[in-house]
1. Would you indicate which of (i) 15; (ii) 22; (iii) 29 is the value of percent of Cα pairs over 39 Å apart derived from the coordinates of this structure?
2. Need one word for the range 387-432: rounded, prolate or oblate. Basis is the Cα gyration tensor (sqrt eigenvalues a ≥ b ≥ c); a/c below 1.5 gives rounded, then a/b vs b/c decides.
3. With label points built 7 Å along Cα→Cβ from the Cα atoms of Lys178 and Ser60, find their separation and express it in nm.
4. Can you tell me the FRET efficiency between Ser239 and Thr360 if r is taken as the Cβ-Cβ distance and R0 is 30 Å, rounded to the nearest 0.05?
5. How big is the gap, in Å, between the Cα center of the range 235-274 and the Cα center of the range 355-372?
6. Name the chymotrypsin sites (Phe, Trp or Tyr not before Pro) in the range 27-101 that are in a loop by DSSP and that have at most 11 other C-beta atoms within 10 Å, would you?
7. I'd like the distance separating the alpha-carbon centroids of the range 1-30 and the range 142-162, in whole Å.
8. Rg/Rh for the range 249-425 to two decimals, with Rh computed the Kirkwood way over all alpha-carbon pairs.
Amino acid sequence: MIINTDTQNLLKPPADLDLTWRRKLADLLGIAFGNYFNRIWPLQLQLLEIVTEVEANVTSLRSRAKALRSRIPRLRSEGDMDAVRTIQHSADELFRQEEEQLYLRDCLLIIGDHIAARLLDPDTIRRFSNFQPAGFIHGKEGLESEIRAAESFLARGYMVLLNDLTHSLRVGDLTLRKGEEVRTFEVKSNPRAYQSKEATRQIEIPRSIHDYIKTDVLDRRHRISGVPDVMAGAVRVDSDVKEDWHWDIAGQIHKALRNTGVAHVVRGRKHYLVARRRAVGELSSTLDTLTANGNWVVSNIRRRVEAVAEVSPFTQWFRPESSVEIMAGDLIVLSAFGMADLESLFAAKSLRLVWKRKMTDLFPLRASSTVETDFKPDERFNSCDHQRLKLMYGFLAVESFVDIVAFLLSPEAAAQMKEKLSKYRLNAAEPSARLLDPETGSDAIQ
């Protein structure tokens, strides 16, 4: 039994991507894969032009569909049901085209996510992703000011990423990197706007995250995966866990697919079921056979196109052409693990796993020690939801997931958290909202 979703949802095809767009996406991704950052800024400008055009199409299609549907009540009252059916059909077609354009936009933003994953470490991206996603770039006030600021930073040797071109960077307008230095920049077309309370808030959030990068302590309220409320803070701890990320899985999958319609690749306690679109029926049968006994968690990695922005995109594992095949639904990659295996691995760490079936990736799941100690982890929340999403969508090994959770629930991790938090609060200065001015390099807000 699959406990987090069902086969129909797992194998539901995405909105259509035509051949022209598939080739275009592969070409754009190919540039993002390159080793020359001087090609990344022109790529971003190209993406900016394409994304804004797609967003304009979405707005137009949505407006036209709504205008058509607004005529239906009057036609119904007049008894003209033939006209109602004709208009409904036309409106449905417009909404279908809108859905295709929205999915194309999501695929384009994956390219920005790939660039972000090359610029920043995964934990930093995680912190920047746990906010509301940005709206459309099309019609955004101050876009030209963002581009000018970005070009100014580029001239000073920074690598620059427009955050609106990503799913994952949801704070600030620009992300900057020079060597090990990472900055976030909030652009205002009117300098006086920096003095507003909203601008100060927009600057303070990334400031605290960058402070976390340096100190391992986030001493402010923030959201985390699967938790509707906000957490009081976060502390990053150091461990000796060697994470296995199945970096060679793409090669293994393609090798296994050469001689079969459905490939079943097993790595430790994790299963990968892979097929081309034409073999989706056989894939469904293979999945049913695998999950017939026991309880299973299964995910389709294509979901990363539209969700779970805090997890590294599959483009980190697959080449551009294969990544586009996944986006288009032509290559279906399912990741699965059995709850019995998970419980067994946790038991070997003297941890008891308690969970409840629910049709969502972050179904209730908690781990607690079977050994009496003075250390009592907070049991109000699920155990390591972010790590679970990495397990499901980021090719993390099941064994590594268990090692990570076991360490984070250990007295050693708790002692580290306490020590780091105490040291941080002892050394913390009065907070100030600091912003690097693109022209002078000085702080725009003192």
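1. Matching entry in (i) 15; (ii) 22; (iii) 29: (iii).
2. Details: a/c = 6.02, a/b = 2.00, b/c = 3.02.
Oblate, because a/c is 1.5 or more while a/b does not exceed b/c.
3. It works out to 4.2 nm between the two label points.
4. Values: r = 28 Å, r/R0 = 0.94.
After rounding, the FRET efficiency stands at 0.60.
5. 24
6. Details: sites: Phe33, Tyr36, Phe37, Phe95; in loops: Phe33, Tyr36.
Here the sparse-neighbourhood loop sites are Tyr36.
7. 33
8. On the way: Rg = 18.3 Å, Rh = 17.8 Å.
Rounded to two decimals, Rg/Rh equals 1.03.
Read-outs: derived from the displayed coordinates by stated rules, not from any lab. Computed from a prediction, not measured in an experiment: that's the story for all the values here. Glycine also receives a Cβ, built like all others from the backbone with ideal geometry; neighbour counts cover every protein chain displayed.
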